[in-house]
Amino acid sequence: MECFFSNTFIFLLLFFFLTNSLCIKAQKCHPNGIVKGKSPSGHCSHENDLCCVPGKKYHTYKCSPLVSSHTKAYLTLNSFEKGGDGDGPSTCDGKYHSDETPVVALSTGWFNTKRRCLHNITINGNGQSVVAMVVDECDSSKGCDAKHNYQPPCANNIVDASMAVWKALGVPRNQWGGLDITWSDV
Ligand SMILES: *[C@@H]1O[C@H](CO)[C@@H](O)[C@H](O)[C@H]1NC(C)=O
């Protein structure tokens, strides 16, 4: 009886341990917080950038969707040149990058605390593919503050790419800025 009890007990422990870890793996990426647009706004230094709307709440994320061989993402346009959209040199190498070079910034979870820095990813979109180097983070974990130019946090599924990426994918110039893509680690 004693033996039966301890076996059952160990079995149950194992059972809970296994199911728990499976659940953790299957967990979706949930927001980790909220930032609010501050009043007054109008601090965005670039006219065509969207400022946080005063009082509006924005979700922040430290995670991104799980990476697979066809990770779904949203491609946006960025300049990594000096005086471009980014407010300084790239986080990964402290350098600026020409619009003619295929480079990207990834949402916080995918950027993975610099672990993807200077690694290459394959981007598939518009029936084409291009290899691009990760040089920066698109910060999903913070926003609406001076450091982020009073812009909202990045979504958690963003590949923010230089012009060279858009060109290589053969997207017509008047459609540059937003495209559903998939990507994978090279
Ligand atoms: C990524 O590609 C660039 C350009 O082809 C290359 O210089 C670099 O070494 C590659 N990075 C890695 C980590 O393979």
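Tabulated data for the structure shown
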{"read-out": "The range 79-113 - residue that is among the small types (G, A, S) and surrounded by fewer than 18 Cβ atoms within 10 Å (Cβ to Cβ) and, of those, farthest from the ligand (Cβ to nearest atom)", "value": "G83"}
{"read-out": "Any hit, the range 148-155, residues being out of contact with any His (no Cβ under 6 Å at 6 or more places or on another chain), surrounded by fewer than 22 Cβ atoms within 10 Å (Cβ to Cβ) and free of Cβ contacts under 8 Å to residues at least 24 places away in the same chain", "value": "yes"}
{"read-out": "Residue count, the range 156-175 (criterion: touching a residue at least 12 places away in the same chain (Cβ under 8 Å), closer than 20 Å to S90 by Cβ and open to solvent by 30 Å² or more (accessible area, probe 1.4 Å))", "value": "2"}
{"read-out": "Residues of the range 114-130 satisfying the condition of being away from the ligand (no atom under 16 Å from the Cβ) and surrounded by fewer than 21 Cβ atoms within 10 Å (Cβ to Cβ)", "value": "N124, N126, G127, Q128"}
{"read-out": "Hits in the range 131-144 - residues which are within 13 Å of the ligand (Cβ to nearest atom) and open to solvent by 20 Å² or more (accessible area, probe 1.4 Å)", "value": "V131, M133"}
{"read-out": "Residue tally, condition more than 22 Å from H97 (Cα to Cα) and either more than 18 Å from the chain's Cα centre (by Cα) or modelled with pLDDT under 95 (or both), over the range 173-185", "value": "2"}
{"read-out": "Which numbered condition Y58 misses (of (1) at pLDDT 95 or above; (2) open to solvent by 80 Å² or more (accessible area, probe 1.4 Å); (3) outside any loop (DSSP other than H, G, I, E, B))", "value": "(2)"}
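The values are calculated or read from the model by the stated rules, or taken from the named source; none is laboratory data. What you see is a predicted model; the values in this text were computed from it and never measured. Because the Cβ atoms are built from the backbone with ideal geometry, glycine has one as well, and the counts that use them run over all protein chains shown. Areas reflect the complete protein model, heavy atoms only, side chains present, ligands, DNA and RNA absent. Shrake-Rupley method; radii C 1.70, N 1.55, O 1.52, S 1.80 Å.
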